[in-house]
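Notes follow the structure.
The values are calculated or read from the model by the stated rules, or taken from the named source; none is laboratory data. This is a predicted model, so every value here is computed, not measured. Because the Cβ atoms are built from the backbone with ideal geometry, glycine has one as well, and the counts that use them run over all protein chains shown.
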Amino acid sequence: MPGGSVGEFVRVPVAPFQAHRGRKLGARLAVGRGDAGALIAPDDSGQISLHEAADLLGVHYMTIYRRVRLGILPARKVDGTWLIDRADLERATTTTPERGRRGRRGSHPRASSWQERLQARMLSGDVEGSWQVIETAMASGFEPDEIYVRLLTPSLHAIGASWESGRISIDQEHLASSVATALIGRLGPRFVRRGRKKGVVIVAMPPGERHGLGVAMLADILAGAGYEILNLGPDTPTESLVAAMRNAGSLAAVVVSVVDIERRPAAERLLAAAHRERPSVPRLVGGNAISDERAALGLGADGWVADPRGLGDLIEALRARGR
Ligand code: B12
């Protein structure tokens, strides 16, 4: 062991995990493999830090840390620093994933079951209980962006449908919304990424649109994709968007989010103003009120993707096309 006495040792045989954004994991592991097929540690000592492990797998530091603290990934604490054996890290990434996105059938509750639990806690106004569901889901392999897209967003959509059909009251919808606000506040820091930013993305909602939860999630997801975010939030006056565009440095895109279909004409005006201000900057629109590509392009968007996790790739493709 390098550098001192061995402290805590954690080894609990529970679910293995798969790295965030599996698409990239293969490439990263391929780059990181030595002749023996093991992950290369920077000093080749066999031990790597949590930050190094996170960088190798392309996941957030907190993802690795959480798994260590929950005993999913074996680690030792040496002189106050957690160290992971590279063989343990490799084992954890090559064994069958048992997580939200590609869990082994029957081995773990599916997203729908996590979502039902979350929705029930939200409707009770239970912030701590809702957070408990989220933490447990993350311990079982859900990444923060999956919590947003696969658990929190469907819960809010279902809550809206229940309100519309009279199954729940407006006060329950309000309670659930304030729980969602608290949850987003707690999850936000998990999206902070180190390193150079790809550019600035301005996100905004059209005048009159007050459903601000979706745009808050969107901003976090884009921050996690490596952009600097200027979130103008709900009910953004057109002139405020234009002023923000003038002041922004390296502007990568303007993204408008619309929840209420009544606000689509205002969204169209916002996108038109963005185009007049900086015609070369990609403009995108999405959210609950935008059902498909036709609707998005019809409002003046330059491209379309439904899943906010695909937005970074779309922005980069549009920027490359414009060069
Ligand atoms: C919570 C909520 C409220 C809360 C808002 C609290 C808040 N701070 O936001 C309260 C209780 C205050 C409220 C009030 C009202 N609401 Co309301 N509300 C909702 C509910 C349940 C969730 C809204 C939400 O946050 N959704 C946003 C997120 C979770 O989803 P999203 O937009 O799809 O965003 C995700 C993705 O699409 C994506 N995304 C977002 N933007 C973009 C952009 C791009 C480019 C891309 C790629 C992706 C992307 O990322 C997000 C994260 O995954 C919806 C139900 C629903 N289906 O959304 C009804 C809903 C929006 N409300 C509705 C209505 C009618 C109202 C009220 C008029 C009546 C009422 N309920 O009292 C008022 C009006 C408020 C106002 N002045 O604007 C209707 C709107 C119907 C319509 N015309 O379209 C809905 C759809 C309910 C329903 N089924 O009838 N509401």
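Here are some notes:
- Filter pass, H157 being touching a residue at least 60 places away in the same chain (Cβ under 8 Å), more than 16 Å from the chain's Cα centre (by Cα) and part of a helix (DSSP H, G or I): yes
- Meets criteria (small (G, A, S) and modelled with pLDDT under 95) for A139: yes
- Test: residue in region 223-238 that is in contact with a Phe, Trp or Tyr (Cβ under 7 Å, 6 or more places away or on another chain) and touching a residue at least 24 places away in the same chain (Cβ under 8 Å): yes
- Tally, over region 289-304, of residues that are closer than 20 Å to H211 by Cβ and in contact with an Asp or Glu (Cβ under 8 Å, 6 or more places away or on another chain): 2
- Summed over region 207-239, the residues that are surrounded by 21 or more Cβ atoms within 10 Å (Cβ to Cβ) and out of contact with any helix residue (DSSP H, G or I) (no Cβ under 8 Å at 6 or more places or on another chain) give a count of 2.
- Scan region 227-239 for residues that are over 19 Å from the mean Cα position of the chain (by Cα) and within 11 Å of the ligand (Cβ to nearest atom) and the total you get is 2.
- Look at (1) buried (at least 20 other Cβ atoms within 10 Å of the Cβ); (2) under 19 Å from the mean Cα position of the chain (by Cα); (3) among the hydrophobic types (A, V, I, L, M, F, W, C) and you find that L270 fails only one, number (2).
- Of the listed requirements (1) near the ligand (Cβ under 9 Å from one of its atoms); (2) surrounded by fewer than 15 Cβ atoms within 10 Å (Cβ to Cβ), L314 misses just one: (2).
- Residues that are touching a residue at least 24 places away in the same chain (Cβ under 8 Å), basic (K, R), more than 23 Å from A306 (Cα to Cα) and part of a helix (DSSP H, G or I) do occur in region 118-133, at least one of them.
- Which numbered condition G166 fails, given (1) in a loop (DSSP other than H, G, I, E, B); (2) out of contact with any Gly (no Cβ under 8 Å at 6 or more places or on another chain); (3) within 24 Å of I134 (Cβ to Cβ): (3)
- The set of residues from region 236-287 being modelled with pLDDT under 95, hydrophobic (A, V, I, L, M, F, W, C) and part of a helix (DSSP H, G or I) is empty.
- Of all the numbered requirements in (1) more than 9 Å from the ligand (Cβ to nearest atom); (2) buried (at least 17 other Cβ atoms within 10 Å of the Cβ); (3) touching a residue at least 60 places away in the same chain (Cβ under 8 Å), E146 misses one, and that requirement is (3).
- If you go through region 264-292 and keep only what is farther than 24 Å from G199 by Cβ and more than 8 Å from the ligand (Cβ to nearest atom), you end up with R264, P265, A266, E268, R269, S291, D292.
- Region 252-263, subset aliphatic (A, V, I, L, M) and within 21 Å of the chain's Cα centre (by Cα), residue nearest to K198 (Cα to Cα): A252
- Meets criteria (basic (K, R), within 21 Å of the chain's Cα centre (by Cα) and part of a helix (DSSP H, G or I)) for R321: no
- Search result, residues across region 240-260 that are touching a helix residue (DSSP H, G or I) at 6+ places or on another chain (Cβ under 8 Å) and away from the ligand (no atom under 16 Å from the Cβ): V242, M245, R246
- Among the residues listed as V305, V258, V285, V242, the single one being in contact with a Ser or Thr (Cβ under 9 Å, 6 or more places away or on another chain) and in contact (Cβ under 8 Å) with a residue 12 or more places away in the chain: V285
- Of all residues in region 176-218, those satisfying the criterion of being of a type in the set (A, V, I, L, M), within 9 Å of the ligand (Cβ to nearest atom) and not in a loop (DSSP other than H, G, I, E, B) are A176, A180, V203, L213, V215, A216, M217, L218.
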